[in-house]
Amino acid sequence: MNRRKFHQISSIYEMDFVNQEIKLAEGQIEFEPKTLKIKGDAKIFMRFIPKLDLIIEANAYEFFGTLLAEKEIEVNFPSIQLSTKFLIKRTSIRKSYEIIAIPQKEPLFIGSHSETKKVIFHVLNFPEFHGTSDVTVVEKNRIGRRGQVILEADGWKITITAVRNLKSLYKSLKSDGGYIITHVGHIERVDNSKFISDKSSKIIDALHYFLSFSAGFFTGPILTLSLNEKDERLYEEWYCGLKSPYTSVLSWFDISHGQLLEAVFPGFLKKWKNKIWNEPIEVAIYWYLRSNTMEGGTDGAIILAQSALELLAYTYIVEDKKIYSYKDFKIKSAAEKIKLLLSSLNIPLNIPLDLNSLLNLGKKFNWDGPQAFSEARNFLVHPGQKRKRLAKIKSPLPLAEVWKLGLWYIELILLNFFGHTGVYAERIKNSQIVGDVSPVPWASE
């Protein structure tokens, strides 16, 4: 295996244990409720329990009664040149007349955009992976290995490296749940030229969806900052965004093949920047993640998966390739829409053999995969003859297998759109293990 020398990427914000608060700033602030100006000591930090939040915690003994009646306050933090509105979340007399508030909106901007050669970011809860771009490190007189990927696309170079001691941290994350910074990365131009730091914001947004699609749950960059050539901070963005607490799910990304991220990212970014595809991909990935994490139970997950499939089918068939007009597309059944999309991308229509119960049901009703998926969804949301017919089945409807099938379709469709012709983790296998990958169905074209 090709082991590269360790390219030092310092984690500006580190967590020594799971759900450890991250202090971002500390000092004197000014509250401005109505016409008053109140000074007090405060700190801003990122809190993970009971949920992920940016918090300002301040002592306001003299004017506690005044603040108690407020729901919203203007806060000025002179030392970091921050001025923004906060919503008062909690007040407490027991803790020295403490005020706890959250920003009215995120991100919080510190400093100003300027020329830089690199932007640093941190990643929450991304799986511990390894691949061909891993680096060898020496820590505490021991030689170790850190997972690393280098994503290159559209003139950008994005290096993402595991934090120190990730193996132990991730073990605790699995045990305790919640959040931990797992990786740190930086963004730079391939030619090492300078750029205005706000130019990286679109890449940060794309990384959120790409890394989330890869992990199978909401993850991605937090706490970004640009540095000058002396590694002094020029500009920071503090935000939480939509991030999932630790969850164990399947996805197309196999953690022993970190290089898959490098292979898929260029095609993802190309599609992401396409005006036709940007919003549909964002929405489809959002629905895919909500389905994959089963936030609405198995039945809700199936409905979300079908929404994603129909959106992708419409965008490809009507908006992009113009195979059908909107009017002609609209009159087709959901199964026909999904089947047309899968057929166009050389994705198999047959119900996979590993989905035994669904396969037997398909034989009974003469269904292929898209029809089996669509009929199950109709059973969940539509009353009538179809529901009555399926209700006569003596055994329960295999919703878990239906759900697997829908997510498998979404993963394959998106990987095809991103131009991937390599391998992937095939979620429909009954005995999927780490390292077990399969070629995408269209790989032999």
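The values are calculated or read from the model by the stated rules, or taken from the named source; none is laboratory data. The structure displayed is predicted, hence computed values, not measured ones. Every residue, glycine among them, receives a Cβ derived from its backbone with ideal geometry; neighbour counts consider all protein chains shown.
Things to note:
- Members of the stretch 178-208 found to be in contact (Cβ under 8 Å) with a residue 40 or more places away in the chain and in a helix (DSSP H, G or I), listed by number: SER197, ASP198, SER200, ILE203, ILE204, ALA206, LEU207
- The residues in the stretch 181-217 that are surrounded by fewer than 23 Cβ atoms within 10 Å (Cβ to Cβ) and touching a Lys or Arg at 6+ places or on another chain (Cβ under 8 Å) can be counted, and the count is 8.
- Selection status of ILE143, of a type in the set (Val, Ile, Thr) and without any contact (Cβ under 8 Å) to a residue 24 or more places away in the chain: yes
- Residue ID - modelled with the lowest pLDDT, chosen from residues in the stretch 216-232 that are within 12 Å of the chain's Cα centre (by Cα) and farther than 22 Å from LYS273 by Cβ: ILE222
- The stretch 38-76, residues that are small (Gly, Ala, Ser), modelled with pLDDT of 65 or more and over 27 Å from GLY111 (Cβ atoms): none
- Of all residues in the stretch 254-285, those satisfying the criterion of being free of Cβ contacts under 8 Å to residues at least 40 places away in the same chain and assigned to a loop (DSSP other than H, G, I, E, B) are ASN274, LYS275.
- Considering each residue of the stretch 349-366 in turn, at least one proves to be crowded, with 18+ Cβ neighbours inside 10 Å, outside any helix (DSSP H, G or I), β-branched (Val, Ile, Thr) and touching a Gly at 6+ places or on another chain (Cβ under 9 Å).
- Selection of the stretch 156-169 for residues being in contact with a Lys or Arg (Cβ under 6 Å, 6 or more places away or on another chain) and surrounded by fewer than 20 Cβ atoms within 10 Å (Cβ to Cβ) yields an empty set.
- TYR235 satisfies every condition listed in (1) crowded, with 23+ Cβ neighbours inside 10 Å; (2) modelled with pLDDT under 95 except (1).
- Residue list for the stretch 18-37, filter: at pLDDT below 95, farther than 16 Å from ILE55 by Cα and either in the same structural domain as ILE160 (by TED's automatic domain parsing) or not charged (D, E, K, R) (or both): PRO33, THR35, LEU36
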